[in-house]
Every structure is written in C-alpha cells, then in structure tokens.
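Laboratory data are not the source of any read-out in this text; all were calculated from the coordinates shown. Every value quoted in this text rests on a predicted model; they were computed, and no experiment measured them. Positions of Cβ are backbone-derived with ideal geometry, glycine not excepted, and every protein chain shown enters the neighbour counts.
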Amino acid sequence: MPDVLASPPHVDVAVLRGVRRALDRPVPVGAARALSTVGEHAAGWTLVALSGALLRPAERRPWLEAGAVVLASHATSVVLKRVVRRPRPDLADAPPLVGTPSRLSFPSSHATSTTAAAVVLTPLLGRSPAARAVAVALVAAMGTSRVLLGVHYPSDVLAGSALGGATALGARRLLRGHR
C-alpha cells in the first residue's frame, strides 16, 4: 500500500483542521449531519431513484438503472476501502462529529455515491444548467461535510468523487450498449 494512503500528507490534515475551524458552527454542522444521514449506504440517492421509478412509470427502467448504478458505485467504494484500509482521521483538535459504520476512510463512500447519483440522476431530473449546478453543489456540499465532520481527509473525498464519477460514467456507457 502506498505510504500516502497509510499516512495522509500534512496538507490533508491541515485542510481538515482548516475546514473545521472555518465551519464549526451549529448550522453548517447540522447540515453536514443531515447530509451524512441522507448519504449513509447511498440510501437517500437510492430512495430518489425508487421514487422516480414510482412517480414516472413510463421511465421506470432508467430510474431503476440509476439506482442500481448508485448502489454499485457505493459497493465498489466499500470494497476498495477494505483493500486500502486507511484509518479515519484521529485528531484530538478535530474529533469526529458523527458515528461511522467502520474505521476505514479511503475512499469516502458518501462522496462516491453522491457523485454517482449526480451523474446518473441529474439527466432524469432535468438537463437544465440549474439542475447541473444543483448536482455540482450537492457533490461539493457532501464532500465538505465529510471533512467538516472529521470522518474523512480531503483526499478520501476527492478519490471517492473520482470513483463515483468513473463508475457511473462507465455503467451508463455499458447500459446504453445493452439497449
């Protein structure tokens, strides 16, 4: 395992501490906790996909496929997390503000599933620039929330977003080829 994954670079720790100092207020922490709940095990994004399938029966297949892609992206991040085995941040001056299902940090599964959801759900919700802007803002908010809550280093979040984007784009391409 590369040393940078076992022991994060100083910049990772510095950014985590900086985010905590800048945003450690009741409203941002409350919003971060809410996002954490929505993103846990990709549940919120899966619920959006299932709701779309129920509310738009004529478009059921793409909604269900989107939900499956989000879950597959999440599962991929969980497997990778177990391979890499990077421990979560453990900083006395920035303790975790939420519980986590494991002690493993890399990549962020929340960032993975949120980015995957943004890639596959946004076209189903609307192709407008506003819909895309909301999707990008949501990905950024989720990533920032994981660092603010002290459960991920910034590199965990960046890697998770890259993984989520790559798996979603790959799955979307694969699914288009089978239609």
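Numbers at a glance
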read-out: C-alpha long axis of helix 154-177 to longest principal axis of the chain, angle in °; value: 20
read-out: In degrees, nearest ten, helix 10-23 long axis to first principal axis of the chain (Cα); value: 80
read-out: Using alpha-carbon coordinates, inclination of helix 43-55 to the longest axis of the chain, degrees; value: 10
read-out: Contact order normalised by residue count of the chain, Cα under 8 Å, 6+ apart, percent; value: 30
read-out: For the range 126-179 and the range 1-73, distance of Cα centres in Å; value: 8
read-out: In the range 125-178, the trypsin sites (Lys or Arg not before Pro) that fall in loop regions by DSSP, at most 11 other Cβ within 10 Å; value: Arg127
read-out: For peptides 24-31, 75-82, 148-155, sequence by mean Cβ density within 10 Å, most packed first; value: 148-155, 75-82, 24-31
read-out: Cβ-based exposure ranking for Ser128, Ser105, in which fewest neighbours within 10 Å come first; value: Ser128, Ser105
read-out: Calculated log₁₀ intensity ratio I(q)/I(0) where the Debye formula runs over C-alpha points of the chain, q = 0.11, 0.20 Å⁻¹; value: -0.46, -1.30
